[in-house]
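**Student:** After the structure tokens below, expect a handful of questions from me.
The values are calculated or read from the model by the stated rules, or taken from the named source; none is laboratory data. Just so you know, these numbers come straight off a predicted model, no measurement behind them. Here Cβ is always computed from backbone atoms with ideal geometry, including for glycine, and neighbour counts include all displayed protein chains.
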Amino acid sequence: MGKKLILLTNYYPYYKGEEYLESEIKHLSNTFEKIIIIPTMINEKMKVTRSTPKNVDIIEINYHHTTISKLKNTVKRYKGEDVEQTTKQFKCLLYQNYFSNRCEAVFKLISQKLFSQKNDFIVDNMEVVIYSYWLYTTSQIGVLLKRELIDKHNISVKLISRAHRYDLYENETRLNFLPSRKFLLKNNDYIYPCSDDGAEYLTSKYPKYSDKIMSRKLGTSYKGTNIFTNEIPFEIVSCSALRPIKRINLIVEALEILESKNIKYHWTHFGDGEELENVSKLAQLKLNKRNYKFKGFVKNSEVIKFYKENSVGCFINVSASEGIPVSIMEALSFSIPVIATDVGGTREIVFNGENGTLLKKETGKKEISEEIMKIISSNIQEYNKMRDKSYYIWKSMYNSEILYKDFSLEVLEMKGEKN
């Protein structure tokens, strides 16, 4: 009997987000006999938006995340075991209560569906790997699920979690706190930050668990070629959610400087979010409307189509915080040079002066505009070297065909614990 995988996600394959899994799931499905995906944050209004392989089943959990349920989860004292109270700050204690109670409520829904259904997935004495895509709610739910599988069904279980950005860097949060850190580190068998920077951060903060923390990078697949024609206007692309932390306003302000110098450019942004109205108004105020376009949220295939059909001069990311941006990997796979801020694991993919430019985190519009102008004014030989280096870095370090195949086989070989 082959080994089976339970994949805990936020939304995938529903709604949007977790696009990186669209490549990884193919390799996981080739490696494991059977996979069950459990999206933990969906509601009845959300629809499946991505296809999955034939040996993948989806368990639909509709958790009603209302204002009342949030309030109850916050004020109700969590009675579960082992979740440490790591802080005396009142706000952090409330956050921990909310987090733990919510995870337990979702776990109970999963348990009811997973163990009541007449299916051949859960069989006594089988081997299962629980793969949490985040070191957050999915990971805590994974701990609870692991215990139930071991205690009640005598199943051999291994629990692993990836870690990205919001679920990893406590120092990047408002409260300088993330819930259940020691609990999750103790109860996961392995933790896989997506960058070396993330692994170093977690190891330095929790050295006791260093033997189970190691980076395993994300990747993208080869999807075609971007032909650069050196045409005017120079095409600039950005791709991210429109949230304050992404600082898209800085791009607008940098492009205003380009316009003041009569530099011919066009900027395309993919992605939407809470800052859409503010950024749109800023662009209307500062930029010529013919020089930019907000595409909004589009499927990843639309971004790929754009790269194939347009001559893109550079990709830009000026975020204040990152794990390691998959959007940059995708741009590099099309040989596009990158301008990005030196945050999180970005320096592991953008090498200053080789495939683009690294800016300081505290960068401003002047510095950004200067780096764009440097790329625009570089001679074609220098520019083509950057393009060649971009593709080489992607192919040698972030090719998902290699990374995800190796990771899937590594996970398959894990031996789980049981009673």
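**Student:** Filter segment 376-398 down to the residues that are outside any loop (DSSP other than H, G, I, E, B) and in contact with a strand residue (DSSP E or B) (Cβ under 8 Å, 6 or more places away or on another chain), then identify the one that is farthest from ASN30 (Cα to Cα).
**Tutor:** Among them, the one singled out is ILE376.
**Student:** So, one more: Report, by residue number, each residue of segment 406-419 that is assigned to a helix (DSSP H, G or I) and surrounded by 17 or more Cβ atoms within 10 Å (Cβ to Cβ).
**Tutor:** Passing the criteria: PHE407, SER408, VAL411.
**Student:** Something else about it: Filter segment 160-181 down to the residues that are over 19 Å from ALA241 (Cβ atoms) and part of a helix (DSSP H, G or I) and list them by number.
**Tutor:** GLU170, ASN171, ARG181 - these are the residues of segment 160-181 that are over 19 Å from ALA241 (Cβ atoms) and part of a helix (DSSP H, G or I).
**Student:** Still on this structure: So, in segment 364-375, of the ones that are over 18 Å from ASN230 (Cβ atoms) and part of a helix (DSSP H, G or I), which residue ends up nearest to the chain's Cα centre (by Cα)?
**Tutor:** Among those residues, the one meeting the criterion is ILE368.
**Student:** Right, another one. So ASN30 ticks every box in (1) closer than 17 Å to SER400 by Cβ; (2) touching a Phe, Trp or Tyr at 6+ places or on another chain (Cβ under 8 Å) but one. Which box is left unticked?
**Tutor:** (2)
**Student:** For segment 198-215, give me each residue that is in contact with a Phe, Trp or Tyr (Cβ under 9 Å, 6 or more places away or on another chain) and assigned to a helix (DSSP H, G or I).
**Tutor:** Of everything in segment 198-215, those that are in contact with a Phe, Trp or Tyr (Cβ under 9 Å, 6 or more places away or on another chain) and assigned to a helix (DSSP H, G or I) turn out to be GLY198, ALA199, TYR201, LEU202, THR203, LYS212.
**Student:** Of a type in the set (Gly, Ala, Ser) and without any contact (Cβ under 8 Å) to a residue 40 or more places away in the chain: is that true of SER195 in this structure?
**Tutor:** So SER195 fails the test.
**Student:** Somewhere in segment 150-158, is a residue under 20 Å from the mean Cα position of the chain (by Cα), within 19 Å of VAL411 (Cα to Cα), part of a strand (DSSP E or B) and in contact (Cβ under 8 Å) with a residue 24 or more places away in the chain?
**Tutor:** No: zero hits.
**Student:** Report yes if some residue within segment 210-230 is among the aliphatic types (A, V, I, L, M), more than 21 Å from LYS295 (Cα to Cα) and surrounded by 17 or more Cβ atoms within 10 Å (Cβ to Cβ); otherwise report no.
**Tutor:** The answer is yes; a qualifying residue exists.
**Student:** If you check SER100, SER111, SER132, SER161, which single one turns out to be free of Cβ contacts under 8 Å to residues at least 40 places away in the same chain, of a type in the set (Ser, Thr, Tyr) and out of contact with any Asp or Glu (no Cβ under 8 Å at 6 or more places or on another chain)?
**Tutor:** Step by step, each of SER100, SER111, SER132, SER161 is checked, and only SER161 is free of Cβ contacts under 8 Å to residues at least 40 places away in the same chain, of a type in the set (Ser, Thr, Tyr) and out of contact with any Asp or Glu (no Cβ under 8 Å at 6 or more places or on another chain).
**Student:** Anything in segment 362-383 that is exposed (fewer than 15 other Cβ atoms within 10 Å of the Cβ) and in contact (Cβ under 8 Å) with a residue 24 or more places away in the chain? List them, or say none.
**Tutor:** GLY364, LYS366, ILE380, listed by residue number.
**Student:** For the condition of a type outside the set (Lys, Arg), part of a helix (DSSP H, G or I) and at pLDDT 90 or above, what is the one hit in ILE42, ILE25?
**Tutor:** Matching residue, one of ILE42, ILE25: ILE25.
**Student:** Please specify each residue of segment 1-22 satisfying the condition of being in a loop (DSSP other than H, G, I, E, B) and not aromatic (Phe, Trp, Tyr).
**Tutor:** Once the filter is applied, which keeps residues that are in a loop (DSSP other than H, G, I, E, B) and not aromatic (Phe, Trp, Tyr), segment 1-22 yields MET1, GLY2, LYS3, ASN10, PRO13, LYS16, GLY17, GLU18, GLU19.
**Student:** Please list, ordered by first then second residue, the pairs with beta carbon atoms under 8 Å, 6 or more apart or interchain, first in segment 329-352 and over 25 Å from TYR201 (Cα atoms), second of a type in the set (Phe, Trp, Tyr) and part of a loop (DSSP other than H, G, I, E, B).
**Tutor:** Close Cβ pairs satisfying both conditions: LEU332/TYR398; SER333/TYR222; SER333/TYR398; SER335/PHE228.
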